[in-house]
1. Local charge sum around Glu44 (other residues, Cβ-Cβ under 13 Å, Lys/Arg +1, Asp/Glu -1)?
2. Using only DSSP helix segments of four residues or longer, with each worth -39500 (n - 2.57), what per-residue ellipticity at 222 nm results for the chain after dividing by its residue count and rounding to 500?
3. How are the alpha carbon pair distances in the chain distributed across 5 Å bins from zero to the largest one, expressed in percent?
4. What angle, in degrees between 0 and 90 and rounded to the nearest 10, separates the Cα long axis of helix 10-22 from the longest principal axis of the Cα atoms of the chain?
5. Could you give me the ³J(HN,Hα) list for region 42-48, computed from phi with Karplus coefficients 6.51, -1.76, 1.60 and θ = phi - 60°, whole Hz, x at Gly and Pro?
6. Picking from Leu82, Ala62, Ala26, whose Cα lies most toward the positive end of the charge dipole for region 10-86 (charges on Cβ: Lys, Arg +1; Asp, Glu -1)?
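All of the numbers you see were taken from the coordinates with simple rules; none came from a lab. These numbers come from a predicted model, not from an experiment. Note: ideal-geometry Cβ built from the backbone for every residue, glycine included; neighbour counts use all protein chains shown.
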Amino acid sequence: MPTMNVDLTTEMAEFVAQELASGDYASASELVRDALRQLRRDREAEGAKLEALRRAVALGVADVERDAFSTRSAAEIAESLLGEEEA
C-alpha cells in the first residue's frame, strides 16, 4: 500500500486524536481512508444529482421548444392547487 505524508492543521490533528481516542478507528490511516471513501461517495452523489438536474432542465427546454408549457404564474398555479386541496 502506498504511503503518503499529509500536513494537517492543529485543529485537524486534534480531531484525528479525538477520533482515535473514541475507539472508532484503530489508526489515523484507517480514519483517513474512511474519510476519503466518504468524500468519494459524496462526490458521486453530487454528480448523480447534477446529472438528474441536467436531465430535468433538458426536459424543460424541450417543453419550451414544443410550446408545451403553462402561461400561468407560479402564484396562479399554487392558488389553483390550494383550491383543489380545499375541495
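1. Residues close to Glu44 contribute a combined charge of +2.
2. -25500 deg cm²/dmol
3. Bins of 5 Å from zero give 3, 10, 10, 12, 10, 8, 8, 6, 6, 6, 11, 9, 2, 0 percent of pairs.
4. Long axis of 10-22 versus the principal axis of the chain: about 80 degrees.
5. Here the 3J(HN,Hα) series is 4, 5, 5, 5, 4, x, 5 Hz.
6. About the Cα centre, the residue reaching furthest to the positive side is Ala26.
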